[in-house]
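Undergrad: Just passing along the structure, written as structure tokens.
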Amino acid sequence: MPIPVLPNARGAATNPAVQLRGASLAFGSRTLWSGLDLDVAPGEFLAVLGPNGSGKTSLLKVLLGLQPLSAGSARLVGKPPGGSNPQVGYIPQQRSADDVTLRGTDLVGLGLDGHRWGTGLRHLGERRRRVAGAIASVGAASYANSPVGRLSGGEQQRLRVAQALIGDPRVLLCDEPLLSLDLAHQRAVSDLIDARRRDANTAVMFVTHEINPILRYVDKVLYLVNGQFRIGAPDEVMNSKTLSELYRTKIEVIKVGGQIHVAGAQSALCEDEPHHHTLDERVS
Amino acid sequence: MFDFELTWRSLGLDFVQTALLAAGVLAVVAGVLGPLIVMRRMSFAVHGTSELAFTGAAAALLLGVGVEYGALGGAVVAAVLIAFLGSRESDRDSVIGVILAFGLGLGVLLLTFYSGRSANKFGILIGQIVAVDRTNLNVLMIASALVLIVLALIYRPLLFASVDPAVAVARGVPVRSLALVFAVLVGVATAFGVQIVGSLLVVSLMVTPAAAAARVTASPWKATVLAVIFAEVSALGGIVLSLAPGKPVSAFVTTISFAIYLGCRIVAKVRDRRRRVPAVTTTATPVPV
């Protein structure tokens, strides 16, 4: 079925990679967010920020087709979310993978054809070439044949980037991919994601509780707090006035050495407590 | 003392050859399913499934129908029950325990009503491969072929869902449906395993070879090939060794597969130590002169 072109779209180049219109998500009487209009252009880097339970991860679930909207519509590269859409790449939080029989190359390969039925034996040569290319592009060649469980968190996340990028996605959805990484690896992994959107014009939606590691790359911020939200450039959103309005309490935003520090009622912010919702909680 | 002469003569017997063929076919299926069972942490589920295969077999014995059909019915029911009730990882362990205990109790009750040969009763617990006839063998081969074909078609999404469920869900892989389909495949294989090593010891053919392989390789493909080889050596070797002493096949099958498992652990340990040696020497403090 052809997807109708939206009236405000002006040709393929300006078609948003992610588009939400009047989107609402409610669980029972609790509304996480409502009336959300959001466009992420190809090549744009959007950071999704907010305290625990503000619906950051739920927003990603909506875009992955795992959670229906209560109202409104969502489109990814012109299609409704869900199914095995090769246009969408996903990078999860790092978590231990101790005892699985799996090498780095296998993990990356699953990103290419793990959603496909059938044996896939005819394309093994091509597959090997593409997996090797994706691994080289994240600089993981030296450890890609090791068991995944033996790799460090940073090495695993590099492979996760390769796994998400090997399918050549137009949209990259990242759920706290820097969590529990040291500073050097935070930088390495976010550099890889930034390079991808520059080279291939891939839109990036980056859910995080901490903006500083990615502040250099961010074009736009979506800040969610208690059903309210603000969308804008980092300076427009990450300031004392806007955040005070959002949190409905006195918030001081301090900029030091190219970093942003949010000071205020800690109980309302909980910025230091990353959430641990993961997608596989639904299935395991 | 091992009697080569007697073993050699026994190998010429028709029913022994049928048994070897049946064990060989089952070992392929067990070896292929095994690594996925280990990755999905389903060892206990396999045991629970095999106990319900026992219940089904006991019911079949009582009703006078083929034991293999009873075992198949029981195993598939158990696999589906475990997949449904135990879909949350936190519940799974207790759900299996509950189902297993009930199934075993029911099976024992059913057996007390059975007035036939007691060897038949014992057979479904510890295996009775020499009772496999040509008809059984045909059923086994067809069922095994079906299991392998289905597995080949779903292998990549199933592997994805098994080792990386969060990303698999995000990529649109139907993780829950796959869990159910895989449980049924395991149920079918388990039901046939019950005839060879018996319901108490199915784990030794379905899990032990794959657990051994997982010790020595991290490649899913290599693990599968190794698990098939280990399962073949255990199953065929167990039958051959059991011929002269005339003792139950299962004792030999479980012993061989356990020995292979121990061997693989030792190999992994030695290899680990060797891998660590260079790192130790480079960071070692200088030896005083």
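Undergrad: Give, as residue ranges, the helices (runs of 4 or more DSSP H) completely inside region B:173-258 that count at least 2 residues that are free of Cβ contacts under 8 Å to residues at least 40 places away in the same chain and in contact with a helix residue (DSSP H, G or I) (Cβ under 9 Å, 6 or more places away or on another chain). Don't jump to the end; show me each part of the working.
TA: On the way: elements: B:175-197, B:203-206, B:208-216, B:220-243.
Answer list for region B:173-258: B:175-197, B:220-243.
Undergrad: Taking the residues in region B:118-171 that are within 14 Å of chain A (Cβ to nearest Cβ) and charged (D, E, K, R) as candidates, determine which candidate is nearest to the chain's Cα centre (by Cα).
TA: Start the filter on region B:118-171 by keeping residues that are within 14 Å of chain A (Cβ to nearest Cβ), which leaves B:148-171.
Then keep just the ones that are charged (D, E, K, R); that gives B:156, B:164, B:171.
Values: B:Arg156: 21, B:Asp164: 23, B:Arg171: 31 Å.
Among those residues, the one meeting the criterion is B:Arg156.
Undergrad: Also, I was wondering about something else. If you check A:Ser96, A:Ser70, which single one turns out to be among the hydroxyl-bearing types (Ser, Thr, Tyr), away from chain B (no Cβ under 11 Å) and touching a Ser or Thr at 6+ places or on another chain (Cβ under 7 Å)?
TA: Result of the check over A:Ser96, A:Ser70: A:Ser70.
Undergrad: Counting only residues that are within 28 Å of B:Leu236 (Cβ to Cβ), among the charged types (D, E, K, R) and part of a loop (DSSP other than H, G, I, E, B), how many does region B:76-132 have?
TA: Number satisfying all stated conditions: 1.
Undergrad: In the set A:Gly111, A:Gly82, A:Gly149, which member is within 11 Å of chain B (Cβ to nearest Cβ), within 22 Å of A:Gly43 (Cα to Cα) and in a helix (DSSP H, G or I)?
TA: Every option except A:Gly111 fails the conditions.
Undergrad: Is one or more of the residues making up region A:187-203 over 27 Å from A:Asn239 (Cα atoms), within 14 Å of another protein chain (Cβ to nearest Cβ) and either in a helix (DSSP H, G or I) or more than 13 Å from the chain's Cα centre (by Cα) (or both)?
TA: Within region A:187-203, not a single residue is over 27 Å from A:Asn239 (Cα atoms), within 14 Å of another protein chain (Cβ to nearest Cβ) and either in a helix (DSSP H, G or I) or more than 13 Å from the chain's Cα centre (by Cα) (or both).
Undergrad: Residue pairs, Cβ under 9 Å, 6 or more apart or interchain, first in region B:1-17 and under 22 Å from B:Ile196 (Cβ atoms), second among the acidic types (Asp, Glu) and in a loop (DSSP other than H, G, I, E, B). List them.
TA: Listed pairs, sorted by first residue: B:Phe15/B:Asp133.
Undergrad: For B:Leu109, only one of the following conditions fails: (1) hydrophobic (A, V, I, L, M, F, W, C); (2) touching a residue at least 24 places away in the same chain (Cβ under 8 Å); (3) surrounded by fewer than 20 Cβ atoms within 10 Å (Cβ to Cβ). What is its number?
TA: Just one mismatch for B:Leu109, condition (2).
Undergrad: Just wondering, is there one or more residues in region A:214-233 that are touching a residue at least 40 places away in the same chain (Cβ under 8 Å), in a strand (DSSP E or B), over 19 Å from A:His185 (Cα atoms) and small (Gly, Ala, Ser)?
TA: Yes: region A:214-233 contains one or more residues that are touching a residue at least 40 places away in the same chain (Cβ under 8 Å), in a strand (DSSP E or B), over 19 Å from A:His185 (Cα atoms) and small (Gly, Ala, Ser).
Undergrad: Let me ask something else. So A:Val237 ticks every box in (1) more than 30 Å from A:Leu25 (Cβ to Cβ); (2) crowded, with 17+ Cβ neighbours inside 10 Å but one. Which box is left unticked?
TA: The number of the failed condition is (1).
Undergrad: Please go through region B:200-229 and pick out each residue that is at pLDDT 95 or above and more than 14 Å from chain A (Cβ to nearest Cβ).
TA: Answer for region B:200-229, where residues must be at pLDDT 95 or above and more than 14 Å from chain A (Cβ to nearest Cβ): B:Thr208, B:Val228, B:Ile229.
The values are calculated or read from the model by the stated rules, or taken from the named source; none is laboratory data. The shown structure was predicted, so the numbers you read here are calculated from the model rather than taken from an experiment. Virtual Cβ from ideal backbone geometry, glycine too; neighbours counted across all protein chains shown.
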